[in-house]
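Novice: This is the structure, below, for whatever I ask next.
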Amino acid sequence: MDDSKLTVRAVERALDILLCFTDSSDLTLTEIASRVELHKSTVHRLLASLEGKGFIMRNSSTDKYRLGYRLWELSANLAQSDDPGQLLLPDMERLRDQIGETISLYVLDGLERVRIQAVQSNQEIRRVAPVGARMPLYVGASSKVLLAFAEPAMQELLFASADLPAGLSRDALLQQLSDTRRQGFATSVAEREPGAAALSAPILGRGGKLIAALAVSGPANRLTLEKMLEHVPLLQEAARRMGTMLS
């Protein structure tokens with residue numbers, strides 16, 4: 001086989017190993033091998049390379065692996081002024097204080113949305129939003145916003161690649177997206193998580209180009225549809241201001 005293809009495959013496998021830690025802090029060799037569906041000897045060699053470069057650490061007491069400090073060094077560069085998550089954080093905190101619920105920032109990544117920043121509500125019962133979480137694009141207020149204001153090709157790609165959940169037809173989703181674009185916001189109640197509600201608006205840059213989705217989320221018994229509609233002007237104004245900052 002071509003050496004270049006072997007090199008690319010090794011890189012892809014190493015990245016797959018790193019991605020195993022998106023929802024786990026430490027894993028054994030067997031657990032990693034199972035997740036990436038590779039033989040343990042292959043995974044062991046890749047782990048040794050990643051450990052040598054500082055991307056993976058092994059606890060000699062538990063024989064478990066975890067992310068290394070080199071990743072923290074790389075992530076420090078995300079905290080620069082051109083990172084939307086950091087740049088918009090003060091405005092997100094201000095919006096949280098005004099509304100009293102959790103505020104999140106989402107961007108498109110392939111056929112998923114990713115939460116790149118979140119400001120948790122100060123209320124005792126609140127919607128906890130972990131940064132880095134990935135969610136499907138066919139359900140939830142922010143998914144509707146990201147799809148509604150994305151390029152039409154993105155919608156077609158989703159319909160061609162994803163199985164819509166039971167009870168949600170292509171026509172129904174297209175109508176939701178049309179409503180979202182016309183209104184400039186979207187709502188959801190218990191669509192992705194039972195007992196949770198969300199309101200979202202697009203952050204648009206120059207020429208109306210989609211940058212991200214700004215969302216408010218909380219318990220559905222507190223963040224009712226009536227309450228969400230009351231919050232729309234605040235959310236849209238914050239999104240407009242953020243779009244100006246990022247343009």
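Novice: Using a 1.4 Å probe on the protein chains only, how many percent of the accessible area of the chain belongs to carbon and sulfur?
Specialist: Values: 7130 of 13810 Å².
C and S atoms contribute 52 percent here.
Novice: List the equivalent ellipsoid semi-axes of segment 152-196 in whole Å, largest first, each obtained as the square root of 5λ for an eigenvalue λ of the Cα gyration tensor. Kindly include the intermediate steps, with their values, before the conclusion.
Specialist: Details: eigenvalues 70, 52, 16 Å².
Equivalent ellipsoid semi-axes, largest first: 19, 16, 9 Å.
Novice: Another question about this same structure. Give, in whole angstrom and from largest to smallest, the semi-axes √(5λ) of the equivalent ellipsoid of the chain, with λ running over the eigenvalues of the Cα gyration tensor.
Specialist: Details: eigenvalues 261, 92, 68 Å².
Calculated on Cα positions only, the semi-axes equal 36, 21, 18 Å.
Novice: Local charge sum around residue 158 (other residues, Cβ-Cβ under 11 Å, Lys/Arg +1, Asp/Glu -1)?
Specialist: Working: positive: 170; negative: 112, 156, 163.
Net charge in that neighbourhood comes out at -2.
Novice: Then there's this: At 7 Å along the Cα-to-beta-carbon direction for both residue 189 and residue 10, put a label point, then send me their distance in nm to one decimal.
Specialist: 5.6
Novice: Can I ask one more? What distance in nm separates the simple spin-label points at residue 48 and residue 63, each placed 7 Å from Cα in the Cβ direction?
Specialist: 1.6
Novice: For residue 144, list the lysines whose Cα falls under 24 Å from its own Cα; do not include residues on the same chain fewer than 8 positions away.
Specialist: Within the straight-line cut-off, residue 144 pairs with 209, 227.
Novice: Here's something else I'd like to know. Lysines near residue 40 by alpha-carbon distance under 26 Å, same-chain residues fewer than 8 away left out - which ones?
Specialist: Output for residue 40: 5, 53, 64.
Novice: Would you compute, from DSSP H runs of 4+ residues alone, the mean residue ellipticity of the chain at 222 nm, taking -39500 (n - 2.57) per run and dividing by the full residue count, rounded to the nearest 500? Present the calculation step by step, with values, prior to reporting the outcome.
Specialist: Working: 10 runs with 115 residues, N = 247.
Helix-only estimate at 222 nm: -14500 deg cm²/dmol.
Novice: Rank these residues by their accessible area, most exposed first, probe 1.4 Å: 104, 60.
Specialist: Working: 104 5, 60 95 Å².
Per-residue accessible area, sorted high to low, gives 60, 104.
The values are calculated or read from the model by the stated rules, or taken from the named source; none is laboratory data. Predicted model only: the values in this text are computed from it and were never measured. Here the Cβ is made from the backbone with ideal geometry for all residues, glycine too, and neighbour counts use every protein chain on show. The accessibility values were calculated without ligands, DNA or RNA, using every heavy atom of the protein model including side chains. Shrake-Rupley method; radii C 1.70, N 1.55, O 1.52, S 1.80 Å.
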